[in-house]
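First up is the structure itself, then whatever we jot down about it.
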Amino acid sequence: MLKEFKTFIAQGSVLDLAVGVIIGAAFGKITTSLVEDILNPILGLAIGGVNFKELKIILKQAVGEQPEVAIMYGNFIQTIIQFLLVAFVIFFIVRYANKLKSEEK
């Protein structure tokens, strides 16, 4: 069983997957920073100085020790922007990889 496991781990597809996951996690941090630190301030300024993190609908005000209950739709907007950026970059990576494959043939 241990020999089979070593063979499984040594297969190229498993190693490719591991590398992809690690690079994907690092790329996620980069896109998060790009959206939160660069794009959202620019977008917020363009729409009148709005900070996306502060956009919310308060359902119940904070009372004493009880925190407020709010729908944080600004964070949701940030997450959508991050997703679109990641999808856009992945689209171009796949498009470029397909172009390289077609040139090899």
Considering region 25-63, residues that are small (Gly, Ala, Ser) and at pLDDT below 90, and then whichever is farthest from the chain's Cα centre (by Cα), we arrive at GLY48
If we keep only residues of region 64-92 that are outside any loop (DSSP other than H, G, I, E, B) and farther than 24 Å from GLY28 by Cβ, then the residue farthest from the chain's Cα centre (by Cα) is GLN66
Counted residues in region 8-42 being of a type outside the set (Ser, Thr, Tyr) and in contact (Cβ under 8 Å) with a residue 24 or more places away in the chain come to 7
Of all helices (runs of 4 or more DSSP H) fully inside region 1-49, the set with 1 or more residues that are touching an Asp or Glu at 6+ places or on another chain (Cβ under 8 Å) and surrounded by 11 or more Cβ atoms within 10 Å (Cβ to Cβ) is none
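The values are calculated or read from the model by the stated rules, or taken from the named source; none is laboratory data. Being a predicted model, the structure only gives us computed values, none of them experimental. Cβ: placed from backbone, ideal geometry, glycine included. Neighbour counts: every protein chain shown.
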